[in-house]
Amino acid sequence: MKKIASLTVLLVLSFSIVYAEGKKEGSEWKTHIEFSYAMASGNTDTESLAGKIEIKNEEAKNRYFLKGNILYAENNDQETSNKFLVEGRWESGFTERIFGFLNGNYLRDKFSGYDYRISGGPGLGYEIIKTETQQLKGLVSGLYNYDSFS
């Protein structure tokens, strides 16, 4: 319970700071935040905390994307889920539709059989559909993964 409370406070504070940064005058940064807390009792007592954040900035030549997910759950005071994921990508355009990118990921999932996974690498992309309301990108990437198994 203490872990969930501290995670909740940490998430709310960090989301508030990021949200305020995205709202600055003249800023092109866009932020999307989701937060969920559920508690149920009966035959078992369960609590879960989930959060998601997406931040992006699209300039004329460069684009930046950052995503984060967190999931924590307890059942009868026993931890049943503990997952944390952060993904980042920087894209730089060569032509109107062709771009290069670098991406990196960090995943920690206690119940998947490994302590953490770090991956990253370069890639090449093509914007197949590019309209005001729709986007479709094709990406080819060579990633290096490092896993630490538990």
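Kindly establish whether Ser119 is at pLDDT 95 or above and open to solvent by less than 40 Å² (accessible area, probe 1.4 Å). Spelling it out, Ser119 is indeed at pLDDT 95 or above and open to solvent by less than 40 Å² (accessible area, probe 1.4 Å). Pairs are defined by a Cβ separation below 7 Å, a sequence spacing of at least 6 or placement on different chains, a first member in region 130-148 that is hydrophobic (A, V, I, L, M, F, W, C), and a second member that is open to solvent by 80 Å² or more (accessible area, probe 1.4 Å); the pairs so defined are Leu136/Ile128; Val140/Leu124. Residues that are modelled with pLDDT of 95 or more and open to solvent by less than 40 Å² (accessible area, probe 1.4 Å) within region 128-150 comprise just one, Gly138.
Conditions tested, residue by residue: (1) among the acidic types (Asp, Glu); (2) at pLDDT 90 or above.
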site	(1), (2)
Lys61	no, no
Phe65	no, yes
Leu71	no, yes
Asp77	yes, no
Ser81	no, yes
Phe84	no, yes
Arg97	no, yes
Asn103	no, yes
Gly113	no, no
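Table: residues versus (1) aromatic (Phe, Trp, Tyr); (2) open to solvent by 40 Å² or more (accessible area, probe 1.4 Å).
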residue	(1), (2)
Thr46	no, yes
Ala60	no, yes
Tyr64	yes, yes
Lys67	no, yes
Tyr72	yes, no
Asn82	no, no
Gly88	no, no
Phe94	yes, yes
Phe99	yes, no
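The values are calculated or read from the model by the stated rules, or taken from the named source; none is laboratory data. Computed from a prediction, not measured in an experiment: that's the story for all the values here. Heads up, the Cβs are rebuilt from the backbone with ideal geometry, glycines too, and the neighbour counts pull from every protein chain shown. Surface accessibility is based on the protein's heavy atoms, side chains included, excluding ligands, DNA and RNA. Shrake-Rupley method; radii C 1.70, N 1.55, O 1.52, S 1.80 Å.
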